[in-house]
Amino acid sequence: MGFPNSAVSDIIATTIQSRTGQIADNVTSNNALLARLKQRGNIKTFSGGNVILEELSFAANGNAGFYSGYETLPVAAQDVISAAQFDIKQAACPVTISGLEQLQNAGKEQIIDLLESRMTVAESSMANLIATGIYSDGTAYGNKQIDGLKKAVIATPTNTYGGIDRGTWLFWKNQTLDFSTFLGVATTAANIQAAMNAMWASLVRGQDRPDLVVMDNAYWGFFTASLQAIQRFAGTDDAKLGFVTMKYMDADVVLDGGMQINWTPTGAAGSVGGVASKTMYMLNTKYLKYRPHAQRNMVPLSPGQRYSVNQDAAVQILAWAGNLTCSGAQFQGIGVE
């Protein structure tokens with residue numbers, strides 16, 4: 001049977017619609033990388049197409065050179081611009097209300113309170129889903145997940161990323177450093193900065209350099225211990241990203257390992273935050289973008305409600321579409337061991 005009260009349906013729609021902009025903002029503020037991209041102005045919506053394109057320069061213009069007097073100059077056409085292409089990924093979180101709940105929360109304010117609680121859960125669920133996707137390799141949910149850092153910046157960059165085969169096109173490989181191999185011993189607070197220095201040097205080109213370093217719990221602990229004698233912490237009031245940060249060179253260093261969460265009832269399985277264990281990303285966010293669709297950025301999936309044909313319930317679906325894209329993989333680095 002259909003949902004009995006159209007007025008309640010309108011409340012559901014308006015409650016969700018009024019919060020969609022706030023939810024989109026909260027999603028980007030939930031992750032250190034997305035917060036930096038927002039700060040840089042690198043959250044760029046796209047309006048259509050079957051893929052998301054990122055233009056990139058893959059070669060120098062061969063016409064560039066020195067000359068003297070009336071010497072003729074080369075004017076041959078130069079094929080130096082191409083584009084990486086990224087699939088459009090989709091995510092959704094349904095918000096439901098049953099006829100019984102409508103009867104139990106008969107007043108308008110009571111229904112809004114109920115929906116606010118459910119919207120808060122949906123908001124945090126979507127924020128965590130996107131944040132997890134930002135660190136993913138895109139293979140979860142049957143390859144429907146965001147193409148995250150585990151696909152963009154990897155220890156052995158020979159995969160195809162953005163439609164470009166890194167085994168063929170060496171300019172599209174990210175930089176990588178095995179800390180324990182470089183150091184000859186396991187990483188500790190006493191030697192982590194030596195490994196970071198080597199990694200940093202491989203990522204600097206003129207004024208291009210990393211501006212964000214994201215660490216798991218272990219590397220964060222080592223780096224923190226290496227700095228505590230000089231106390232180079234920045235408080236949350238001063239931190240540009242809204243996270244507690246430290247500085248390495250002039251880049252913000254952020255912990256994005258964090259709390260261990262047991263997802264099973266028995267607590268047998270667990271995962272640690274977003275960054276994999278013993279992993280550090282040195283990122284130049286100038287070349288990274290978060291690309292939600294202009295008409296599908298944490299919005300209701302349709303203007304009206306969706307009703308069950310055989311249940312006394314209504315559903316509104318909070319939806320998102322887009323991907324994380326890159327136009328300069330060679331400027332991104334990963335440290336592992």
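By the scheme Lys and Arg +1, Asp and Glu -1, what is the net charge of all other residues having a beta-carbon under 11 Å from that of residue 154? Please list the in-between numbers first.
Working: positive: 150, 151, 166, 173; negative: 137.
Residues near residue 154 contribute +3 overall.
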* Asked: Residues with amide H under 5 Å of residue 276's amide H, sequence separation 5 or more or different chain, H placed in the peptide plane at 1.01 Å from N; which?
  -> none
* Structure fact -> Charge tally for neighbours of residue 291 with beta carbon under 9 Å away, counting Lys, Arg as +1 and Asp, Glu as -1, is +1
* Inter-label distance for residue 85 and residue 178, nm, one decimal - labels placed 7 Å from Cα along Cα-to-Cβ -> 3.6
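Count the net charge of all other residues whose Cβ sits under 11 Å from the Cβ of residue 279, scoring Lys and Arg as +1 and Asp and Glu as -1.
On the way: positive: 150, 278; negative: 216, 256, 337.
Residues close to residue 279 contribute a combined charge of -1.
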* **Computed label-point distance, nm, for sites residue 225 and residue 295 using a 7 Å Cα→Cβ extension** => 5.5
* Would you pull out the residues with amide H under 5 Å of residue 148's amide H, same chain only if 5 or more places away, H placed 1.01 Å from N? => 136, 137, 138
* Structure fact -> For the table 150/286; 44/89; 173/247; 144/289; 89/278; 38/89, the rows whose alpha-carbon distance is greater than 24 Å are 173/247; 89/278
* To do: Calculate, in nm to one decimal, what residue 144 and residue 194 gain on full extension: separation in residues at 0.36 nm each, minus their alpha carbon distance.
  => 14.2 nm
* Structure fact -> Quick note, segment 167-227: a/c under 1.5 would make it rounded; otherwise a/b > b/c is prolate and the rest oblate (a ≥ b ≥ c, C-alpha gyration tensor); here it is prolate
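Which FRET efficiency value, to the nearest 0.05, is calculated for residue 103 and residue 39 with the Förster distance at 51 angstrom and r the Cβ-Cβ distance?
Details: r = 47 Å, r/R0 = 0.91.
Once the sixth-power term is evaluated, E becomes 0.65.
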* In nanometres, what is the gap between the two model label sites at residue 315 and residue 247, each 7 Å from Cα along Cα-to-Cβ? -> 5.1
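Rounded, prolate or oblate: which one fits segment 122-202, using the alpha carbon gyration tensor with axes a ≥ b ≥ c (rounded when a/c is under 1.5, else prolate when a/b beats b/c, else oblate)? Provide the component values of the computation, followed by the final result.
On the way: a/c = 2.95, a/b = 1.43, b/c = 2.07.
Oblate is the answer for segment 122-202, as a/c is 1.5 or above yet b/c matches or exceeds a/b.
Readers should treat all values here as calculations from the given coordinates under stated rules, not as data from a laboratory. Computed from a predicted structure; not experimentally measured. Cβ sites come from the backbone with ideal geometry, for glycine too, and all protein chains shown count toward neighbours.
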